[in-house]
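First the structure, in the form of structure tokens, and then the observations on it.
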């Protein structure tokens, strides 16, 4: 008999954490039903399909391929049973809004490493943009040469930095990410302390990166991945330098069909294991306890033995549970540091956008002000850093012939007011900015357009203050300082997803599902 045979489980929310948990619990014999309020599964990893264009609305980077391989291997499958992968080259392109390298400010010269062109090339008349343009490719030796052009000794420093990053990744993943350690005594254990020795546990990413690189643009290259963690260089622990191993060593990939195809794979795997899915069915209340739950929905009630919440943690506690059943009060959620929200434009345009790579970053020389306008003095950024995703550069199925599909993502503070007038004004600013700093004119070629912002994140995903990602990865909100997988007040209620451990991002939410399932099995698996 399987360990959870005879147990019924309702999973509230069909995001990545919920889909992952569903697979593990169904594989253990439980009768699993996923209930999702929206019409499609995937949570923030939703898709927008209109007029022949297809966009991933949320996550668009396929990083940490080892995590996906491990997930599918747990069910005797591989990712390639469901989708194919393309290793992107370049991994991504960066446009710096200003050139800060005096050696490259001579007339008509800027940094390039795209394709087979030399590291330095002469600008043509059509590419007169203010700053540097660089490509980060899978070729580490070329990247080291690029770093040397900015700062003497930076190539060797990059090698040392990545070695530390690799060590943090391998030790951190094995001993701290794939293992849930929700109590302080879990870290005092001598065996755990032995594994942690040498990890970059304290200090900020800003201080850590400054130990290796002086040049501001090199620091930005090593820190841009903090966007995936919802933090800034000053508030994210140095431990997360492990993301550079993910970036430079493990590579950046594209699943054919986009991240939406990966969501389809999770759903298909779940169906193969017996999971049932209800979409367009919002949950309004969670009552009861182990063996006697009542999950009220807009389409009748469900009576499972166990419940797993994959909706945002604050929403589940503040809106779905009675006050006496909440593990945290309103003051707790008010006091948390949240990852940014985002201003997004989904654009279908006529013609090509060849100056943009599949993943493109546009960064001001001093991005501290942008981070301050997210975390310290919330307001719409005046000189924004932003990201452009152009899947049509890799996948010709996402746009009609002769067209390109792209979206623009500007990180902004959660909780900002985003009236239609504000969105329109910011749209104009961003389109001008793209043309100025990448040389790509979009405005007169747009044939499809949709925006998404703070209030949409709040209404579509029940996210606190419209955060796009959840709780940021500050030192006080990492590991045991994130909310636990087990409810503090309700026996038989569990949580999964980005607000729990290990945290934000599709790979982390996959692992969160595994950790939640382990908690359920530990409590109700019988053995």
What is the residue count in region 320-335 for residues that are in contact (Cβ under 8 Å) with a residue 12 or more places away in the chain and either surrounded by 22 or more Cβ atoms within 10 Å (Cβ to Cβ) or farther than 30 Å from residue 234 by Cα (or both)?
6
Cβ-Cβ under 8 Å pairs, at least 6 apart or on other chains, region 134-155 side surrounded by fewer than 17 Cβ atoms within 10 Å (Cβ to Cβ), far side assigned to a strand (DSSP E or B)
138/87
Could you check, for region 51-63, whether at least one of its residues is out of contact with any strand residue (DSSP E or B) (no Cβ under 6 Å at 6 or more places or on another chain), more than 28 Å from residue 347 (Cα to Cα), at pLDDT 95 or above and surrounded by fewer than 16 Cβ atoms within 10 Å (Cβ to Cβ)?
no
Please verify whether region 271-281 includes one or more residues that are buried (at least 23 other Cβ atoms within 10 Å of the Cβ) and either out of contact with any helix residue (DSSP H, G or I) (no Cβ under 6 Å at 6 or more places or on another chain) or not in a loop (DSSP other than H, G, I, E, B) (or both).
no
Taking into account only those residues within region 231-285 that are at positive phi and in contact with a strand residue (DSSP E or B) (Cβ under 6 Å, 6 or more places away or on another chain), which is modelled with the highest pLDDT?
258
Is it the case that residue 306 is touching a residue at least 24 places away in the same chain (Cβ under 8 Å), within 25 Å of the chain's Cα centre (by Cα) and either closer than 30 Å to residue 92 by Cα or buried (at least 22 other Cβ atoms within 10 Å of the Cβ) (or both)?
no
Restricting to region 9-44, name every residue that is in contact with a strand residue (DSSP E or B) (Cβ under 8 Å, 6 or more places away or on another chain) and closer than 12 Å to residue 274 by Cβ.
9, 22, 25, 26, 30, 31, 32, 33, 34
For region 289-298, indicate whether the set of residues that are assigned by TED's automatic domain parsing to the domain that holds residue 31 and in a helix (DSSP H, G or I) is non-empty.
no
Here are some residues: 517, 458. Which one is crowded, with 18+ Cβ neighbours inside 10 Å, assigned by TED's automatic domain parsing to the domain that holds residue 16 and in contact with a helix residue (DSSP H, G or I) (Cβ under 9 Å, 6 or more places away or on another chain)?
517
Taking residue 38 and the conditions (1) loosely packed, with under 15 Cβ neighbours inside 10 Å; (2) modelled with pLDDT of 95 or more, which numbered condition does it fall short on, given that it satisfies the others?
(1)
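The values are calculated or read from the model by the stated rules, or taken from the named source; none is laboratory data. Fair warning: this is a prediction, and the values are worked out from it, not measured in the lab. We place every Cβ from the backbone using ideal geometry, glycine too, and count neighbours over all the protein chains shown.
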